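Data first, discussion second: the structure below is written as structure tokens.
Nothing in this text is a laboratory measurement; each read-out follows from the coordinates by a stated rule. What you are looking at is a predicted structure, and each value in this text was computed from that prediction instead of being measured.
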Amino acid sequence: MIALVESTWQLQDSANGPVLRCSQGWQQVDLLSDLHLSPATPHTAHALAQHLATTTADAVLILGDLFEVWVGDDGLDEPGSFERQMLHLLGTAAQRLPIAFLAGNRDFLVGPRFLSATGVLALPESVRLELGRQSLLLVHGDAQCLDDSAYQAFRREVRSSAWQQAFLARPLTQRRAIARGLREASESRKGEVGPDGYADLDRHEMLRLLQQAGTATLVHGHTHQPGCDELAPGQVRWVLSDWDFDGPTPRGDLLRLSDAGLQRLVVQTAAPAAAAAR
């Protein structure tokens, strides 16, 4: 049984939509996304574990695509499976500090069994984060890429309860094979709609969401194009980096929210002990 830290944030409904309110005593919250963890990314998984074990932030929010793919929580039943390894990684970290997760386009099938077992808080697709005087709107970003009509049609299909029930009813081995096929199809599309295979978020939709949420700052991931730009006078969006410490050019950053605002930090990581010894 995992002994979890006492969570001191509250997820509440409001007239402007869901709000995640942090404890008055908190000073910093880390925001990160797009790690795309899989059995092929041990160094990226190590970087996450290392950050969760050492960060000075009071909590960590993961804004989607934590996993390259997730085909169901029943992968936890397989001894030594990737899903069980991730259960251990996040469950261990959740004993130290609160963690919340907002699903992305790769891992929207992460379910209550996994999250409950790890102690990670599930967040809705769009949520306003409040820390002291700071207020941000958080989304993964894929739902706002309106120019990619083919993807939006696919998204509506796979997010439907009928599709998910039918998919999860298939044998686990079959689901893994289907996921590999979808991943290969996605790879073949890279470069068609953007520098990293993703369309940018629709500006008018971002402004609409900010107005609806009653805040002036949007934070998202998905596009793998880290930056910050002004959407309109007084309204800005920050884009998170993806993480990749297994490729030829290691990269990864996060945004740290404090009472002073947002700060971008480069992830510092040391090689796993086994690798360092070679």
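Below, the figures for the structure above:
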item	result
Convex hull volume per residue in cubic angstrom - Cα atoms of region 1-151	125
Kirkwood Rh (inverse of mean 1/r, distinct Cα pairs), region 61-107, angstrom	11.4
Anisotropy class of the chain from Cα gyration tensor, a/c 1.5 cut	rounded
With eigenvalues of the C-alpha gyration tensor scaled by 5 and rooted, region 1-72, Å	26, 17, 12
Candidates Arg203, Arg128, Arg180: whichever shows maximal mean-square fluctuation once the chain is modelled as a Gaussian network with Cα springs under 10 Å	Arg180
